[in-house]
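Peer 1: There's a structure below that I have some questions on.
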Amino acid sequence: EPEVTQTPSHQVTQMGQEVILRCVPISNHLYFYWYRQILGQKVEFLVSFYNNEISEKSEIFDDQFSVERPDGSNFTLKIRSTKLEDSAMYFCASTKDLGQSYEQYFGPGTRLTVT
Amino acid sequence: DAKTTQPPSMDCAEGRAANLPCNHSTISGNEYVYWYRQIHSQGPQYIIHGLKNNETNEMASLIITEDRKSSTLILPHATLRDTAVYYCIVRGPEGKLIFGQGTELSVKP
C-alpha cells in the first residue's frame, strides 16, 4: 500500500541554523500539506501546496518557513533560522483531490529538536 | 478553531465495542466528517469518513445522525492496540484538517 514517507525521522539542530525537512508524498497525489505538533499539544496546520504554489497558510507559517517541490517526488519544508519554539513533530500529508470524499494521508513525522 | 467537540477521554474493555461520540452542530450540508487517530506521536492515521449515510470499513463504523449534528465512531472489538487519541474533524474547503484535542481512548485488559 502506498504511503507518505519523511526524512529524517529525528533532526537535532542549533538555534539559528537552517533545517530542511523532506517528504515524499504518495505518487498520484496532487495536494500536499505540512502540520506540526508541539509536544503535548494538538496537531496544527501549517501550509497547503498545490500546483507549485502555496494555496493556504496559517499564522504560524511566517517568513522563516518555506515549502518547495523541487522535483516530481519530493516536498520540502525549510526553516531558515530555527528557534527553540520550533521544536516539534512535523508531519507531511497528501491527498489526491480536494473533493470531500478524498482522505488525507500522513507521514510518520520528523521530530525536530532545536537546542 | 475546530468545528467539533469530543469528550477528552474514554475507557473501553478489551474485546468490547468502543463508541466514540462527536458533536458537529455547525457542519455545513456538503461537509464530510473525518475520523483519524494518533498513536503516541506517530502520524495521524485515517480511519473513516462520511457525509450522511452510515459507513463501515475494515477498521470501524461511522454512524451519523439524521440531522448530521453528531456522529459516533464504533470500533467493534477494541484491542489494546486501539489505544490512541481519536480525532473527529470537519474538513475545510481547501483540504486543511483542523484538529481539536480529540478523545484519548484507553483500552484495558
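Peer 1: What number, in percent, do you get for the relative contact order of chain A if the mean sequence gap of Cα pairs under 8 Å and at least 6 apart is divided by its residue count?
Peer 2: Result for chain A is 38 percent.
Peer 1: Counting only other chains, what is the mean number of Cβ atoms within 10 angstrom of the Cβ of each residue in peptide B:41-49?
Peer 2: On the way: counts 9, 6, 15, 10, 2, 6, 1, 1, 5.
Shielding by partners across B:41-49 averages 6.
Peer 1: Under a cut-off of 29 Å between alpha-carbon atoms, report the lysines in cross-link reach of A:K83, not counting same-chain residues fewer than 8 places apart.
Peer 2: Within the straight-line limit of under 29 Å, A:K83 reaches these lysines: A:K42, A:K57, B:K96.
Peer 1: Which whole-number percent gives the relative contact order of region B:10-109, counting Cα pairs below 8 Å spaced six or more residues apart?
Peer 2: Numbers: 226 pairs, mean separation 35.6, N = 100.
36 percent.
Peer 1: Another question about this same structure. Restricting to DSSP loop positions (anything but H, G, I, E, B) with no more than 11 other Cβ atoms inside 10 Å of their own Cβ, which GluC sites (Glu not before Pro) remain in region B:48-109? All intermediate terms of the calculation are to be shown ahead of the outcome.
Peer 2: Numbers: sites: B:E55, B:E58, B:E66, B:E94, B:E104; in loops: B:E58, B:E66, B:E94.
Here the sparse-neighbourhood loop sites are B:E58, B:E66.
Peer 1: Right, something else. Based on the Cα coordinates of region B:1-54, what is the per residue volume of their convex hull in Å³?
Peer 2: Numbers: hull volume 6.8 nm³, N = 54.
In region B:1-54, the Cα hull volume divided by residue count equals 126 Å³.
Peer 1: Using each residue's phi in region A:17-32, evaluate 6.51 cos²θ - 1.76 cosθ + 1.60 at θ = phi - 60° and report the 3J(HN,Hα) Karplus result to the nearest Hz, with x for Gly and Pro.
Peer 2: Working through the residues one at a time gives 7, 8, 10, 10, 9, 10, 9, 10, x, 5, 4, 9, 8, 10, 10, 10 Hz.
Peer 1: Just to confirm my numbers, what's the Cα centroid distance between region B:39-109 and region A:4-80 in Å?
Peer 2: 25 Å
Peer 1: Can you pull the mean other chain C-beta count within 10 Å for peptide B:86-96? Kindly include the intermediate steps, with their values, before the conclusion.
Peer 2: Numbers: counts 0, 2, 0, 2, 1, 6, 4, 3, 8, 17, 13.
Averaged over the peptide's residues, the number is 5.
Peer 1: What aspartates and glutamates sit close enough to A:K96 to cross-link, taking a C-alpha to C-alpha distance under 14 Å and skipping anything fewer than 8 places away on the same chain?
Peer 2: Leaving aside aspartates and glutamates fewer than 8 places away in the same chain, those within reach of A:K96 are A:E3, B:E94.
Peer 1: Turning to a different aspect of this structure: Ranked highest first by average number of other Cβ atoms within 10 Å, how do A:63-69, B:32-38, A:85-91, A:40-46 line up? All intermediate terms of the calculation are to be shown ahead of the outcome.
Peer 2: On the way: A:63-69: 15.1, B:32-38: 22.9, A:85-91: 19.6, A:40-46: 17.1.
Those peptides, ordered most packed to least, come out B:32-38, A:85-91, A:40-46, A:63-69.
Peer 1: Each label point is 7 Å from the Cα along the Cα-to-Cβ direction; what then is the distance between the points at A:I38 and B:T79, in nm?
Peer 2: 3.6 nm
Peer 1: Taking chain B as a Gaussian network, Cα atoms linked when under 10 Å apart, which of B:R16, B:R68, B:R91 shows the biggest mean-square fluctuation?
Peer 2: Looking only at B:R16, B:R68, B:R91, the largest GNM fluctuation is found for B:R16.
Peer 1: Calculate the spin-label point distance for A:E18 paired with B:S28, positioning each point 7 Å from the Cα along the beta-carbon direction, and give it in nanometres.
Peer 2: Rounded to a tenth, the inter-label distance reads 3.9 nm.
Peer 1: Name the aspartates and glutamates eligible as straight-distance cross-link partners of B:K52: C-alpha to C-alpha under 14 Å, and not fewer than 8 places from it in the same chain.
Peer 2: Filter leaves B:E31, B:E66, B:D67.
Peer 1: Measure off 7 Å from each Cα along the Cα-to-Cβ vector at B:N57 and A:E53, then give the distance between these two points in nanometres to one decimal.
Peer 2: 3.1 nm
Peer 1: Rounded, prolate or oblate for region A:28-115? Axes are the square roots of the Cα gyration tensor eigenvalues, ordered a ≥ b ≥ c, and the cut-off for rounded is a/c under 1.5. Can you show the working numbers first?
Peer 2: Values: a/c = 1.90, a/b = 1.49, b/c = 1.27.
Prolate shape, in that a/c is at least 1.5 and a/b is the bigger ratio.
Peer 1: What's the extension gain from A:L30 to A:T113 if we count 0.36 nm per residue and subtract their Cα-Cα distance? It would help to have the intermediate numbers written out before the result.
Peer 2: Numbers: separation 83, 0.36 × 83 = 29.88 nm, distance 2.96 nm.
Result for the pair: 26.9 nm of gain on full extension.
Peer 1: With the Cα gyration tensor of region B:29-109 giving a ≥ b ≥ c as the square roots of its eigenvalues, does the rule (a/c under 1.5 for rounded; else a/b larger than b/c for prolate; else oblate) give rounded, prolate or oblate?
Peer 2: Values: a/c = 2.17, a/b = 1.35, b/c = 1.61.
Since a/c reaches 1.5 but b/c is at least a/b, the shape of region B:29-109 is classed as oblate.
Peer 1: Counting pairs of alpha carbon atoms under 8 Å apart in space and at least six apart in sequence, what relative contact order in percent does region A:10-58 give?
Peer 2: On the way: 46 pairs, mean separation 11.6, N = 49.
After rounding, I find 24 percent.
The numbers here are math on the coordinates, done by the rules we state, and not lab data. In this text, all values refer to a predicted model and were calculated from it rather than measured experimentally. No Cβ is skipped: glycine too gets one built from the backbone with ideal geometry, and neighbour counts run over all protein chains shown.
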